[in-house]
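Trainee: I have a structure I would like to understand better, so I am pasting it below and will then ask my questions one at a time.
Read-outs throughout are calculated quantities, based only on the coordinates presented, and are distinct from any laboratory measurement. Just so it is clear, the model here is predicted, and its values are computed rather than measured. FYI the Cβ positions are ideal-geometry reconstructions off the backbone, even for glycines, and counts take in every protein chain you see.
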2 protein chains.
Amino acid sequence: MEMKSVTRSLRVLEAVAQHQPVTVGELTKLFGLPKSTVQRTLVTLAEAGWLRASRKDTTRWEIGARVLAVRPAALQGSSLLAVAHEPMVRLRDALNETIHLSVPDVLQSMVVVDRVDCDHPVRTFHAIGDTSPLHATAAGRAVLAQLPASEVDEFIAHGLERFTDTTPTDPDELCAELDRIRTDGYAVNHNQYRPGICAVAAPVLEEDGTPLAAVAVSMPDSRFDPNRLPEWGRMVADAAKEATERRSA
Amino acid sequence: MEMKSVTRSLRVLEAVAQHQPVTVGELTKLFGLPKSTVQRTLVTLAEAGWLRASRKDTTRWEIGARVLAVRPAALQGSSLLAVAHEPMVRLRDALNETIHLSVPDVLQSMVVVDRVDCDHPVRTFHAIGDTSPLHATAAGRAVLAQLPASEVDEFIAHGLERFTDTTPTDPDELCAELDRIRTDGYAVNHNQYRPGICAVAAPVLEEDGTPLAAVAVSMPDSRFDPNRLPEWGRMVADAAKEATERRSA
DNA sequence: GGGCTCGTGCCACAATGTGGAACGTCGTGC
DNA sequence: GCACGACGTTCCACATTGTGGCACGAGCCC
């Protein structure tokens, strides 16, 4: 509730990132704020280098280069994106389903950081930057399963929100599933977050075993075949493992 | 000069990115600001998801995953970073020199977005996020050479700053060099920006021919061999071309 | 050419963020 | 074991800071 202008500026920054390139008017509608306020915010962010006027249309704003100075820190220095992309493309080619790479944020949510699309006319869609809860998705549970029990307990203590009627909201149920993930090497989400969406995921690990990210293949319910699950699980796990290995190379 | 708190918050964000994980005290020393102000800024940034308390030491702050949701337009769409990394690694392996990937920012500077290090005890160092002027570096001129003459003129009109005694500050001289780059396919920087640093670069292009980025190999003066220049130029150009092709695939 | 929309600049007002000072906690050394 | 110092955190009266209504100018469409 503090630093109103700062909070708002950051929201504007995120909005520009999603809609770029964007005009002052579009943002005023989006936020319901006075034009002059939005305008001042944009100019300030631009002066700081985080935003810039678009080259083609100077009344449109887009993200500036300054954010690039901050990105590597968020990715722990290593080029996670670069090393994970290749295995993700191969996985997409093999399965023809959309592949996502997500990183955990403060033990609360997963953030999508990279995506390789499939060419099905009907397919799942998560934008880069989208967040989802740890306990309700395959990627989230793939990460949770690699955390020490104390941190899992801490996360559970915050409560397990229900999203669909199959969301695991019981701590014991969740822990049992995490055990299964550790033995099988992959996590599964069957309509447990967004109805009609299924996913299979595996973790990318740091040298010390800390989960750094998760590779996930997600698809509409209609194309999810439980019989092929072990095979798909193995393939996703292989891709994640390859990313892990390329990272330390 | 406006939005003091916003400007300062962004500076703090950058400082955290550079020094993470960092404490309140370290930042107060760095900025010379009152503890309470820094503290409030950190909490605000954390509430917005841009910062988070370190998991290991909760009094230390680090960059949150949220920043990954904000990507510059240049990196939007197909992942430039991901497709360029592989060719860059091969180039590094072949030449054993540090490879950089940079993108142009608003026709003013190049920003380093990826790096593959070599293992020489003495080597060049540019951090991801670093900027350099377009006319004085190999990467910058590789990009300039692909721009329409009107935009080059516009850039030149802003003035060509001198950095060393070989920096091209004469417009005609620069344009002649751009011609050479177009015919040879690679740009060279021989102590024209930072004394003692040489580089060879080639552009990564968009479908319509707009320069999107540049791949550059940079090395200390002492390891720069003019005789091998055509060979190195061809290799760098090949790597850049491969990135261009993989991008559209 | 008049009316509309959109980006930009201005300025009086008060809501907002400021930073000094006090508090709590941990670790250290006497 | 106690006093001290270093550090992160909280509080609050003050005035500096950002706010947003308004007006201007440019481009566009009827």
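Trainee: I'd like the Karplus ³J(HN,Hα) series for region B:126-142: coefficients 6.51, -1.76, 1.60, θ = phi - 60°, whole numbers in Hz, and an x wherever there's a Gly or Pro.
Mentor: Result, ordered by residue: 10, 6, 4, x, 5, 10, 8, x, 5, 7, 9, 10, 5, 4, x, 6, 4 Hz.
Trainee: Once a ≥ b ≥ c are taken as the square roots of the eigenvalues of the Cα gyration tensor of the protein assembly as shown, is the result rounded (a/c under 1.5), prolate (a/b larger than b/c) or oblate (a/b not larger than b/c)?
Mentor: It is prolate, given that a/c is not under 1.5 and a/b is the larger ratio.
Trainee: Also, quick follow-up: After finding the eigenvalues of the alpha carbon gyration tensor for region B:73-248, what semi-axes result from the square roots of 5 times each, listed largest first in whole Å?
Mentor: Semi-axes from the Cα gyration tensor: 22, 20, 14 Å.
Trainee: Using modelled amide H (1.01 Å from N, peptide plane; none on Pro or chain starts), what sits under 5 Å from the amide H of A:D130, excluding residues fewer than 5 places away?
Mentor: Counting only residues 5 or more places away or on other chains, the set is A:V112.
Trainee: Calculate one ³J(HN,Hα) per residue across region B:61-72 by plugging θ = phi - 60° into the Karplus curve 6.51 cos²θ - 1.76 cosθ + 1.60, and present them in order as whole Hz with x for glycine and proline.
Mentor: For region B:61-72, the Karplus curve yields 10, 9, 6, x, 6, 4, 4, 5, 6, 9, 10, x Hz.
Trainee: Within a 10 angstrom radius of each residue's Cβ in B:40-48, how many Cβ atoms of other chains show up on average? Whole number is fine.
Mentor: 4
Trainee: Let me know the mean shielding of A:114-121 by other chains, meaning the per-residue number of their Cβ atoms within 10 Å of its Cβ.
Mentor: Working: counts 4, 1, 3, 1, 0, 0, 0, 0.
Across the residues of A:114-121, the mean count of other-chain Cβ atoms within 10 Å is 1.
Trainee: Calculate one ³J(HN,Hα) per residue across region A:112-117 by plugging θ = phi - 60° into the Karplus curve 6.51 cos²θ - 1.76 cosθ + 1.60, and present them in order as whole Hz with x for glycine and proline.
Mentor: 6, 10, 8, 8, 10, 7
Trainee: Which of A:G209, B:V103, B:L91 sits closest to the plus end of the dipole of the protein assembly as shown, meaning its Cα is farthest towards the positive end, when Lys and Arg get +1 and Asp and Glu get -1 on the C-beta?
Mentor: After comparing all options, I get B:V103.
Trainee: Something else: What does the structure give for A:86-96 when I average, per residue, the other chain Cβ atoms found within 10 Å of the residue Cβ?
Mentor: Counting Cβ atoms of other protein chains within 10 Å of each residue's Cβ and averaging gives 1.
Trainee: Could you tell me whether region B:4-69 comes out rounded, prolate or oblate from its Cα gyration tensor? Rule is a ≥ b ≥ c as square roots of the eigenvalues, rounded for a/c under 1.5, then prolate if a/b exceeds b/c, otherwise oblate. Before the final figure, lay out the partial values.
Mentor: Values: a/c = 1.64, a/b = 1.19, b/c = 1.38.
The shape class here is oblate.
Trainee: When the dipole is taken about the Cα centre of the protein assembly as shown, and only Lys, Arg (+1) and Asp, Glu (-1) are charged at their Cβ, what size is it in debye, to the nearest 20? Intermediate results must be reported in sequence, preceding the final value.
Mentor: Working: 54 positive and 68 negative charges, 258 e Å.
Computed charge dipole of the protein assembly as shown: roughly 1240 debye.
Trainee: Which aspartates and glutamates, if any, have their Cα less than 15 Å from the Cα of A:K4, not counting same-chain residues under 8 positions apart?
Mentor: In chain and number order, the partners are B:E2, B:E47.
Trainee: Can you list the residues, at least 5 places off or on another chain, whose amide H is less than 5 Å from the amide H of B:I197, using H built in the peptide plane?
Mentor: Here B:N191, B:D221 satisfy the definition.
Trainee: Among rounded, prolate and oblate, which fits region B:157-207 when a ≥ b ≥ c are the square roots of the eigenvalues of its C-alpha gyration tensor, a/c under 1.5 means rounded, and a/b larger than b/c means prolate?
Mentor: Cα axes put region B:157-207 in the oblate bin.
Trainee: Further question on the same structure: From the cross-link list A:K29/A:K56; A:K56/B:K241; B:K29/B:K56; A:K29/B:K29; A:K35/B:K29, which pairs have alpha carbons spaced over 30 Å apart?
Mentor: Cα-Cα > 30 Å for A:K29/B:K29; A:K35/B:K29; rest within.
Trainee: Between A:A213 and residues 5 or more places away or on another chain, which pairs have amide H atoms under 5 Å apart, with H built 1.01 Å from N, and which residues are they?
Mentor: Here A:V204 satisfy the definition.
Trainee: Moving to a separate point now. What order do you get for A:14-27, A:235-248 when each peptide is scored by the mean count of other beta carbon atoms within 10 Å, highest first?
Mentor: A:235-248, A:14-27
Trainee: Mind putting a number on the dipole of region B:4-69 about its Cα centre? Charges go on the C-beta only, +1 for Lys and Arg and -1 for Asp and Glu, and I need it in Debye to the nearest 20.
Mentor: 100
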